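Shown next, in structure tokens, is the structure this report addresses.
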Amino acid sequence: MRQQAVSVLAGILVDGSRADALLERAASDLADTRDRGLLRELVYGVLRRFYALETDVSRFTMTKPSDVTRLALFVGAYQLRYMRVPVHAAVSETVTAVKRLAPKDAGFVNAVLRRVAASEPPAKLKPHQRLELPQWLYAAWRDGFGAERVAGIAAVFQSVPPLSVAVLDGDRDAWIEAVQKLGMEATPGELAAQAVLLPASTDVAALPGYAEGRFTVMDQAAQYAALALDIRPGDKVLDLCAAPGGKTALLARLHPDSEVTAVELSAARLPRLEANLERLQAGNVTVQQGDATALAFADASFDAILLDAPCSASGVIRRHPDAKFIHDRESVARHAGLQRKMLAEALRVLKPGGRLVYAVCSIHPEENERVVENLPGLQSAERLFPSESHDGFFIARLIS
């Protein structure tokens, strides 16, 4: 288990791969649900507590270890500091993993982890380390939002997010009641009339109506963004960057008399998109593979367009803590350039008087108001900061 955790972390922090795909691949080799849960806890735990762990471990390393050995130390230290794992088990299991990955460093890892176990955590951390944010990100948000706001965001990022779903059959209260009858907790969300919040540990497949497509997993901020699109009876609707299909299904189910076209660039993601739409009974959707910067549609083809654009995911670091390592200033700038191209193309295929919603799960101003500030027809722009009950999002509404 520790070996898989170190390998996944290396894939993220050294190779720049995404955590979800690596965890899914690694978990497929684990038959026990508890082992899969432990793997996820170790990987996400190290990502969430990276800077504190780095400071903690570095006190006892005179020379810089290899990437694999360094990450093994973080995995061991995370167990010692943040999990109820006995010292002997945390150390010995981590050393066993190192014997397979970097045999010559096993004794070194054993010695360092024993020193960590015998010490108190570091008392002094730099502000960005204490808040578990990259230094550039902390400085940018401190200057843009203020230190108090950044501290609040960082606290949210260290919490476990709730499971959020959108109830698609129009009777949220009845669905909540059915969930509660099964002995599960469920509360209505405040951002969307379809939103329900459940404990993070909830088994999605065990919820009422899963097979029948009564609901889809989706943060309520994302639901709020989709619902900002003012769809009218008979509209031709375009959903850009549609996979995995939750927002597409929400729009289609709420507006069954509309014709929805879902466009997704990645061929690899199309099967999942189509399968989700089928399970969610979104029969009024046509799926197409396509590039949102070069759409295969004539000018003025659609009445309403949702552009949930690719972004740096800074608003969803709580759910995807790898985002703070995968993206940097240059990545944010690249995304902003791509977002502008997608917006221009979306406006080209929007009918006169049509409505467009631009949404990103990022709270960087460079990907938010600075992308839309000079566009004609801008009606409103709203940033949702991450909170205990929802992710961070930005939503802009435009009329052509």
Can ALA77 be described as part of a helix (DSSP H, G or I), under 21 Å from SER159 (Cα atoms) and touching a residue at least 60 places away in the same chain (Cβ under 8 Å)? no
State which residue is surrounded by the most Cβ atoms within 10 Å (Cβ to Cβ) when the search covers only region 249-269 and only residues that are among the acidic types (Asp, Glu) and in contact with a strand residue (DSSP E or B) (Cβ under 7 Å, 6 or more places away or on another chain). GLU264
Taking LEU338 as meeting all but one of (1) touching a helix residue (DSSP H, G or I) at 6+ places or on another chain (Cβ under 7 Å); (2) part of a helix (DSSP H, G or I), write down the number of the exception. (1)
Report, by residue number, each residue of region 326-366 that is in contact with a Phe, Trp or Tyr (Cβ under 8 Å, 6 or more places away or on another chain), closer than 29 Å to LEU47 by Cβ and among the small types (Gly, Ala, Ser). ALA359, SER362
Quick count over region 358-394, residues being of a type in the set (A, V, I, L, M, F, W, C) and surrounded by fewer than 23 Cβ atoms within 10 Å (Cβ to Cβ), is 6
Just checking, does region 59-71 include any residue being open to solvent by 30 Å² or more (accessible area, probe 1.4 Å), out of contact with any Ser or Thr (no Cβ under 6 Å at 6 or more places or on another chain), part of a helix (DSSP H, G or I) and more than 24 Å from GLU120 (Cβ to Cβ)? yes
Of ALA228, ALA205, ALA211, which residue is surrounded by fewer than 24 Cβ atoms within 10 Å (Cβ to Cβ), among the hydrophobic types (A, V, I, L, M, F, W, C) and more than 22 Å from the chain's Cα centre (by Cα)? ALA211
For residues that are surrounded by 16 or more Cβ atoms within 10 Å (Cβ to Cβ) and either within 18 Å of the chain's Cα centre (by Cα) or assigned to a helix (DSSP H, G or I) (or both), tally how many sit in region 343-357. 4
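The values are calculated or read from the model by the stated rules, or taken from the named source; none is laboratory data. All figures in this text were calculated on a predicted structure; none of them were measured in a lab. FYI the Cβ positions are ideal-geometry reconstructions off the backbone, even for glycines, and counts take in every protein chain you see. Note: areas computed on protein heavy atoms with side chains; ligands, DNA, RNA excluded. Shrake-Rupley method; radii C 1.70, N 1.55, O 1.52, S 1.80 Å.
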